[in-house]
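The values are calculated or read from the model by the stated rules, or taken from the named source; none is laboratory data. Remember, predicted model here, so these are calculated numbers, not experimental data. When we count neighbours, we look across all protein chains shown, and the Cβ atoms used for this are built from the backbone with ideal geometry, even at glycine. Heads up: the accessible areas ignore ligands, DNA and RNA and are worked out on the full protein's heavy atoms, side chains in. Shrake-Rupley method; radii C 1.70, N 1.55, O 1.52, S 1.80 Å.
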Amino acid sequence: MATYEKLPSGKWRARVVLPTRTASGGPRRLSKTHSLKRVVVDWATALEASVTAGTWQERSVDSSITLRDYREQWRASHISDGATVKKTDSQWRTHVEPVFGGHPLNAIARPEVKAWVHRMHSQACPRCRAYPGVTAGGVLRQHKNASQRACNGSGQPPGLGAWTIQGAAVHLSGLLSAAVEDGLLPANPAARLRLPTTRPKPVFYWTHEEAARIGMQLRGSDALAVELDMHIGLRPGELFGLLKPYVDTTLWLINIEGVATRDGWRPYAKTSGSHRAVPIPIHLREALAMHLLTVEPSGVVFPAPDGGIWNDRNFAQRVFLPAVRAAGVREGGPYEMRHTAASWLVQAGVPLYEVQRLLGHEKYTTTQRYAHLAPGEFSAVLNAWGTAPVATPAQVPWTPGGHEPLGDLG
């Protein structure tokens with residue numbers, strides 16, 4: 001009989017007990033996880049029917065298939081954009097392949113996966129990936145890498161960043177989940193790992209005065225692009241990937257449909273929540289309409305000097321950072337324009353739900369990073385402090401061995 005449960009992630013998991021036994025003599029189970037319950041129910045129902053009819057046969061795992069072999073097959077059939085392919089290739093090459101690449105699929109054990117995550121979190125040298133251990137002071141010991149040269153790890157804090165560890169572990173788990181779907185594994189040994197928690201950085205934004213000083217250092221379409229983004233908070237890829245047909249000067253809306261990546265233009269946004277319509281600020285409508293007259297019918301609204309699409313790093317180095325430095329304000333990159341737009345809106349009293357829609361955040365918790373900027377956010381706390389009695393120095397009790405009272409400061 002199949003069992004169903006909703007996981008903490010919000011996904012549904014179905015488990016079906018099979019007629020065969022494991023090597024230890026226990027019942028063998030197959031499981032499937034999906035965001036929709038009906039998908040796992042349909043899968044479990046079909047599997048149970050085939051078991052009952054006697055048509056189900058367990059596929060034996062070919063012990064000669066290594067994780068490296070399987071990933072080559074997976075990569076050849078997996079559909080993804082160029083940026084994601086580069087990221088997963090880097091995760092595989094740097095963190096996963098050196099440890100698990102030569103393992104047969106059925107030889108990857110969960111304890112080994114958990115130990116791998118622990119090593120990345122606690123001891124891995126960020127330069128040569130060796131595990132030299134740490135000194136009493138909490139830094140990596142001096143050691144030699146594979147080529148017997150002294151590694152530069154000494155003095156570095158141990159462990160990789162939480163985002164790096166999560167990316168590597170998620171990629172490994174995705175590969176093994178695909179192997180389960182292909183019938184090559186009975187279960188995913190890397191599922192539901194306990195991974196380091198990622199913590200967002202404090203929100204950085206410019207004040208209205210600082211933003212104005214940055215704008216004064218720019219000219220033409222660059223100045224317009226920066227001022228526009230300081231108000232509507234597009235991601236850099238959304239700003240530089242904006243095409244003229246997506247700007248509606250009748251309703252004064254910008255429709256986010258495609259984005260610029262470091263590999264060129266992509267005809268879809270980051271997430272489903274990123275596809276949205278963004279209002280154009282009233283004070284910028286005339287300037288934007290005049291600028292659009294100079295743009296080709298299907299052209300990029302804010303192109304690079306050669307007429308192509310800006311790479312966000314190139315825009316930062318060639319245009320934005322020089323303007324920020326010349327303005328003499330706190331230094332930040334193009335993405336901080338998005339934080340600035342959100343911060344201004346929250347400070348003006350715009351509800352977080354409306355800010356979430358404007359920014360295209362998939363989750364409300366992402367927008368809550370700006371909650372502390374809302375007017376009156378700490379008013380109850382400040383009012384409580386304001387009504388608390390204040391002790392004068394003469395009223396502070398003195399105890400033997402402590403500091404003597406200050407007495408009258410007047």
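The table for this structure:
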| quantity | calculated |
| --- | --- |
| Protection proxy ranking of 253-262, 274-283, 76-85 - average other beta-carbon atoms within 10 Å, highest first | 253-262, 274-283, 76-85 |
| Theoretical FRET efficiency, 1/(1+(r/R0)^6), r = Cβ-Cβ of ALA46 and HIS103, R0 41 Å, to 0.05 | 0.85 |
| Distance in nm between pseudo-label sites at TYR268 and MET216 (7 Å out along the Cβ direction from Cα) | 4.6 nm |
| Ordering of 170-177, 114-121, 199-206 by packing [mean C-beta count within 10 Å, highest first] | 170-177, 114-121, 199-206 |
| Spacing of the two label points (7 Å from each Cα toward its C-beta) at PHE378 and LYS6, in nm | 3.6 nm |
| Computed lengthening from TYR364 to SER77, 0.36 nm per intervening residue step minus Cα-Cα distance | 99.9 nm |
| Overall form of the stretch 267-350 per C-alpha gyration tensor (a/c, 1.5; a/b vs b/c) | rounded |
| Cβ-Cβ FRET estimate between ASN314 and VAL203, R0 fixed at 30 Å, reported to 0.05 | 0.75 |
| Amide N of the stretch 281-298 lying under 17 Å from the label point, which is placed 7 angstrom from the Cα of ASN255 along Cα→Cβ | 297-298 |
| The stretch 314-379, accessible surface, carbon-and-sulfur percent (1.4 angstrom probe) | 51 percent |
| Protection proxy ranking of 96-107, 292-303 - average other beta-carbon atoms within 10 Å, highest first | 96-107, 292-303 |
| Accessible-area order (highest first, 1.4 angstrom probe) of the listed residues THR52, THR249 | THR52, THR249 |
| Probe 1.4 Å, protein heavy atoms only - accessible area per residue of the stretch 228-288 in square angstrom | 43 Å² |
